[in-house]
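Report on the following structure.
The values are calculated or read from the model by the stated rules, or taken from the named source; none is laboratory data. Here the structure is a predicted model, which means the values were calculated and not measured. With ideal geometry, Cβ positions are generated from the backbone for all residues, glycine too; neighbour counts draw on all protein chains shown. These area figures cover heavy atoms from the full protein model, side chains too; ligands, DNA and RNA do not enter into them. Shrake-Rupley method; radii C 1.70, N 1.55, O 1.52, S 1.80 Å.
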Amino acid sequence: MNTQQYFPYVNNKMFAENVALNDIAMQVGTPFYCYSNTAIGQNYHGYQQAFVDQDALICYAVKANGNQAVLSTLAKLGSGADVVSEGEIRRARAAGIPANKIVYSGVAKIASEIEYALREGIFQFNVESEPELELISQIATRLNTIAAIAFRINPDVCANTHAKISTGKSENKFGVPISKARLVYKQAAALPGIKVQGVDVHIGSQLTQLAPFEEAYKRIAQLVLELREDGHSINVVDIGGGLGITYDAENIPSKQAYANVAKNQLGKLDCKIVIEPGRSLLGNAGILVSSVVLIKTGEERQFLMLDAGMNDLIRPSMYDAHHDILAVDVSNTELKTYDIVGPVCETGDTFAKARKVNESKSGDLIAVMSCGAYGAVMASTYNTRMLAPEVMVKDKEFAVIRQRPSYEEVINSDSVPSWV
Ligand SMILES: *Cc1c(COP(=O)(O)O)cnc(C)c1O
């Protein structure tokens, strides 16, 4: 089981840092997301320390959790941002992340987004295809500016992760095949408004082994040498994100071990290293706190029915993801086996099957662990359920960092045409 040092038990009650979860629940209601500010900071420092002897820029992958309080926390620590849309550029800028620390990934950037990014003056476009390169060139030329680019190279490496979050195999939609790389760089060098500056690779998410990174970076290092032979000046290697976290019993390599792999494979190139971690900065810094609605005794099993559902946290139904599920109050030490489900009208709305949890009753609080990344950002209002609020804790303080919307706000955002 995953140790949750930022969510400790004190006298049998779970806390977020030095705040009792029960106190937050009384004030904001359930379900809610809760993030530890200290955990985010420590995870960031872990990367800083691991890469301290390399010329590295940490660009937090905003899509993991784009809340302004999260981004501001990271901005103040000096983080840049890896973004995949204009919305994420706007979020990063609003939180104080300088444009020259923003790298723009994203499989199919559209013209208006490219224009916005150019006007902001971002550090680098990670280009995913030749048509995208041409579009960037046209827009940069029209704006009389220069787009600094890297191609996202698909190194054809198996990341050994879930199929839906594996991105570096030749059958995936991402990037330019490494076999075509020299050709596309040649095309790029000939286009107006384009400055070739780097190479980018991101092979997937929730990687639990270093070998796929090592293989990918080895191929990228070789490519950089070839591109330099071809006359390109390559000063940046963006090594992507993807380092996993412990959800269950995964043994995750340390950030230092990961940094050593990057250094061993790429250190001799004398390039700036861009890192794009998302999950490994936020994942274990957040939880989803829910209440037990009722216990239903089925013919074969007991269902622990929560007031959080798949619309709040989709990872279990979408990726078969494991999350530890813990009672917030563990003074009753009797363990029971439950199927833990949400209230949404889908069988897929199941957080865990046959899971042992301290015996619970209606109204008890339940914590779904390791939800800081790809949790709140993937939530929806399916079943007209309000988006769960987000709370940030620091030491003894907590603050709501996104409120639960009212029913009026949600319903009034629709409009009915006069001809209906
Ligand atoms: C999602 C993504 C990341 C972050 O991945 P994590 O597994 O959350 O670290 C980094 N770079 C790109 C291009 C991505 O799409």
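Based on C-alpha pairs under 8 angstrom that are at least 6 apart in sequence, the range 105-277 has a relative contact order of 20 percent. Computed about the Cα centre, the dipole magnitude for the chain is approximately 640 debye when only Lys and Arg (+1) and Asp and Glu (-1) carry charge, each at its Cβ. Each residue of the range 105-277 gets 111 Å³ once the volume of the Cα convex hull is shared out per residue.
Divide by every residue of the chain the summed helix terms, -39500 (n - 2.57) for each DSSP H run of at least 4, and state the resulting mean residue ellipticity at 222 nm, rounded to the nearest 500 deg cm²/dmol. Numbers along the way, then the final one.
Working: 12 runs with 119 residues, N = 420.
Helix contribution divided over all residues of the chain: -8500 deg cm²/dmol.
Computed across the chain, the Kirkwood radius stands at 22.7 Å (inverse of mean 1/r, all Cα pairs). Here the label points at Lys169 and Lys195, each 7 Å from Cα along the C-beta direction, are separated by 3.9 nm in the simple model. Counting only protein heavy atoms and a probe of 1.4 Å, the accessible surface of the chain is 49% carbon and sulfur. Taking the average, over residues, of other Cβ atoms within 10 Å as the packing measure, peptides 73-80, 343-350 rank 73-80, 343-350 from highest down.
Counting only Cα atoms, the range 40-135 measures 40, 28, 21 Å along its principal axes, largest extent leading.
With every protein chain left in place, what is the accessible area per residue of the chain in square angstrom, probe 1.4 Å? Don't jump to the answer; show the numbers that get you there.
On the way: 18240 Å² over 420 residues.
That works out to 43 Å² per residue.
Place a label point 7 angstrom from the Cα of Asn144 along the Cα-to-Cβ direction, then list the residues of the range 93-122 whose backbone nitrogen is under 15 Å away. Answer for this model: 119. The distance from the alpha carbon centre of the range 381-420 to that of the range 1-70 is 22 Å, rounded to a whole number.
Taking 0.36 nm per residue of separation and subtracting the current Cα-Cα distance, fully stretching the chain between Ser380 and Ser254 would add 42.0 nm. In this label model, Thr333 and Gln403 are separated by 4.4 nm, measuring between points 7 Å along each Cα→Cβ vector. How big is the gap, in Å, between the Cα center of the range 240-269 and the Cα center of the range 273-306? Centre-to-centre distance over Cα atoms comes out at 25 Å.
List the trypsin sites (Lys or Arg not before Pro) in the range 137-230 that DSSP assigns to loop (not H, G, I, E or B) and whose Cβ has at most 14 other Cβ atoms within 10 Å. Which are they?
On the way: sites: Arg142, Arg152, Lys164, Lys169, Lys173, Lys180, Arg182, Lys186, Lys195, Lys218, Arg219, Arg228; in loops: Lys169, Lys173.
Listed in order of number, the matching sites are Lys173.
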